[in-house]
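First comes the structure, then the notes that go with it.
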Amino acid sequence: MPLSGRRFQPKMEKRPAWLTKRLVFDPAVQETEAVVARHRLHTVCAAAGCPNRSECFARRVATFMILGDVCTRGCAFCGVRRGRPEPPAADEPDRVAAAAAALGLEYVVVTSVTRDDLPDGGAGLFARTVTAIRAARPPVRVEVLTPDFQGDRAALETVLSAGPAVFNHNLETVARLYPRVRPQAGYRRSLEVLRRARRFGSGLVKSGLMLGLGETDAEVESALADLREAGVEIVTLGQYLRPNPGCLPVTRHPRPEEFDAWAETAKRLGFRAAAAGPFVRSSYYAAEVFRSTGT
Amino acid sequence: MEVKLPPLGNDIKEASVSFWYKKVGESVAEGEDLVELSTEKASFNLPAPAGGRLTVIKAGEGEKVAVGATLAEIE
């Protein structure tokens, strides 16, 4: 077929059958939505249009997204809105803690938009949120999924000092694709964030990769080795799904068995836990993945 | 009972119908897959929220449906 007159675009594969997600009808979905709305919070589940949303909400699980729903970065894989965010809300930590309690969560995942506009990148609010959630009785474990804080060591240590059980920062993709996928971030910088978190010694360190952005298997293996070398103990691998036509196309859909093989590879490389699958997201069944480390 | 398109995410306003697993007049059990839907980001199977006979299909294959709109009726 002649390609003349057409701009070259990476091929977008048709979505295979294993990427059809079953929606869950359960009153608990609306209850979870109501708890989030009542506390005027955002979830990355809704902001990113996550296909697992109804499944997790039916289990009364949600991943809170603090510091607003507008991001200062424009990563080419992400569906979260980019723009000029509002100033942080000082009472947000208490609202997250109250919502987590209302849902009965024993393990809470907190993430945020990237706030390059704030002097501390939002680290202070992150830390206060961890502290507020951990004040609950019986004690609640917190997993934070943070931006890179532009490599700011003090900001990172502010978050870690609040005592999250898991510090998560996603590497997202392989080194070669960084300029295209995360133009305002750096592969080495993200690895350094993870390495510093590990050295700080508070809780486990977690990271994740997306597949389907144009990476080769050799590059994925190399990224996994880099994560291990940085001291990362938990890794997630999932299918990249394009949130809107303005984002990068999906280059491939590895079969579920290929994800299983990546989990095996990760275990062989020494990760304590590896979650891999087409619908695996960074926070998908995060409590169960954490418990599988035996910590 | 009306089968409505549930919320799928903040910026997802509609989905298109890929195909119906059931024809009008057929019976469907609660929880059985009723229709496959597609958005830019993902594909979904929507299970029947109740058992009964499928009496009306409001959106044919290839048609777009807004979140909250009625997809079908089950009696």
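Laboratory data are not the source of any read-out in this text; all were calculated from the coordinates shown. Note that the structure is a prediction, hence the values are computed from the model and not measured. When we count neighbours, we look across all protein chains shown, and the Cβ atoms used for this are built from the backbone with ideal geometry, even at glycine.
Some observations on this one:
- Of A:Gln150, A:Gln239, A:Gln184, the one that fluctuates the most in a GNM where chain A has Cα springs shorter than 10 Å: A:Gln184
- Scanning residues 5 or more positions from B:Lys4 or on other chains, those with amide H under 5 Å from its amide H are B:Leu71, with H placed 1.01 Å from N in the peptide plane.
- Gyration tensor (alpha-carbon) shape descriptor, segment A:56-138, a/c threshold 1.5: oblate
- Nonlocal amide H pairs with A:His42, under 5 Å, H built at 1.01 Å: A:Met65
- DSSP-loop trypsin sites (Lys or Arg not before Pro) across chain B, with at most 10 other Cβ within 10 angstrom: B:Lys23
- Relative frequency of Cα-Cα separations exceeding 28 Å in chain A, percent: 35
- Local net charge near A:Ala154, Cβ-Cβ under 13 Å (Lys/Arg +1, Asp/Glu -1): -1
- Cα gyration tensor, chain B - rounded (a/c under 1.5), prolate or oblate: prolate
- Per-residue 3J(HN,Hα) values for segment A:247-260, derived from phi via the Karplus relation 6.51 cos²θ - 1.76 cosθ + 1.60 with θ = phi - 60°, read 8, 4, x, 7, 8, 7, 10, x, 5, x, 5, 5, 5, 4 Hz in sequence order (x marks Gly and Pro).
- Spin-label pair A:Arg153-B:Ser27: with each label point 7 Å from Cα along the Cα-Cβ axis, the two points sit 7.1 nm from one another.
- Close amide-amide hydrogen proximity is noted between A:Arg281 and no other residue 5 or more places distant or on a separate chain, at a cut-off under 5 Å (H modeled in the peptide plane; Pro and chain starts excluded).
- Number of partner chain Cβ atoms within 10 Å, mean per residue of B:38-49: 6
- Site-free segments of chain A were taken between GluC sites (Glu not before Pro) in DSSP loops having at most 14 other Cβ atoms within 10 Å, sites themselves excluded; the longest one is A:107-295.
- Rounded to 5, the percent of DSSP beta bridges in segment A:22-155 classed as antiparallel: 15
- Counting Cβ atoms of other protein chains within 10 Å of each Cβ in A:14-27 and taking the mean gives 4.
- Phi-based couplings in Hz for segment A:14-30 (Karplus 6.51, -1.76, 1.60; Gly and Pro marked x): 5, 6, x, 4, 6, 9, 9, 8, 7, 6, 10, 9, 7, x, 5, 4, 5
- Radius 14 Å from Cβ of A:Glu215, net charge of other residues (Lys, Arg +1; Asp, Glu -1): -2
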